[in-house]
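Below is one structure; the comments refer to it alone.
The values are calculated or read from the model by the stated rules, or taken from the named source; none is laboratory data. These numbers come from a predicted model, not from an experiment. Please note that ligands, DNA and RNA were not included when accessible areas were found on the heavy atoms of the full protein model with its side chains. Shrake-Rupley method; radii C 1.70, N 1.55, O 1.52, S 1.80 Å.
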Amino acid sequence: TVSTCARCGGTNAEGSRYCNNCGFRFADTSAKIMNQRRSQSSVSSLQSSLPKSSEQNINQFVTCELPAYGIKIEYPCDWFKCELSLNPPIVIGFRSPKEHPSDTFSESVAIALVDAPNMKLEQFTKANIRNLKNKRHDFLIVESVQTVMAGQGAQKIVYDANGKRIMIVVIMREGKVYEIIYIAEQTKYDNYLPIVQKMIDSFEITNKGYQ
């Protein structure tokens with residue numbers, strides 16, 4: 001590698017402090033190059049020390065299938081899957097990794113299955129909202145809208161309570177209720193929403209199990 005003299009255009013070995021042709025001093029140019037290298041090294045070091053953002057793993061999903069309940073869903077490969085010690089009607093849960101060592105709350109997604117043979121989706125949704133209002137004094141509904149899950153009409157409820165934001169997406173099929181529940185800190189709810197939406201979009205009822 002050679003350095004070109006800014007004064008006369010002569011070529012010089014890399015690291016030369018003076019031009020071999022005209023004697024022009026390269027000290028300032030060399031210092032600039034060194035500073036650029038130090039700056040690039042610092043940026044690389046900083047980037048490697050930053051925690052992964054939720055968006056970085058949005059395409060790195062694995063499949064979880066529960067034949068006993070006839071459901072299937074995809075979830076991020078770095079999330080923790082929990083199938084034991086769950087409170088009914090929850091049958092599976094997924095928890096996000098800590099963003100840093102002092103992170104005290106992990107955002108989570110759970111699937112709950114409930115028998116409701118004599119109810120329609122709208123009735124179940126209204127009853128669910130009433131129940132939440134009675135249980136949580138600080139309950140504040142953010143939205144209640146129609147959406148789609150597993151290829152059919154669904155109801156989505158988003159509410160705030162106890163410093164958290166919770167989303168519940170509900171569908172009914174053959175007298176059974178399928179709920180996907182997302183819980184996050186209010187300030188981080190939107191950060192994880194793309195991942196959670198992809199999980200919801202991947203949810204399938206395989207028509208096997210859960211008899």
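Under a 5 Å amide H cut-off, with hydrogens placed 1.01 Å from N, VAL142 pairs with VAL158, TYR159, ASP160 among residues at least 5 apart or on other chains.
Considering only alpha-carbon pairs that sit under 8 angstrom and 6 or more positions apart, the relative contact order computed for segment 70-211 is 28 percent.
Here the 3J(HN,Hα) profile of segment 63-73, calculated from phi with Karplus coefficients 6.51, -1.76 and 1.60 at θ = phi - 60°, is 9, 10, 10, 10, x, 5, 10, x, 9, 8, 8 Hz, Gly and Pro shown as x. Across segment 95-211 the C-alpha pair distances fall into 5 Å bins from zero in the proportions 2, 10, 21, 23, 19, 14, 8, 3, 1, 0 percent. Here's how it looks for ALA154: its modeled amide H is under 5 Å from those of THR147, VAL148, MET149, which are all 5 or more places away or on a different chain. Rolling a 1.4 Å probe over the protein heavy atoms gives segment 52-211 an accessible area of 55 Å² per residue. Around the amide H of ILE71, modelled in the peptide plane, lie the amide H atoms of LEU66, THR206, all under 5 Å away and 5 or more residues distant in sequence or on another chain.
According to the Cα-based calculation, Rg over Rh for segment 60-127 is 1.06, with Rh computed by the Kirkwood formula.
Heavy-atom surface analysis with a 1.4 Å probe gives segment 56-188 a carbon and sulfur content of 49 percent of its accessible area.
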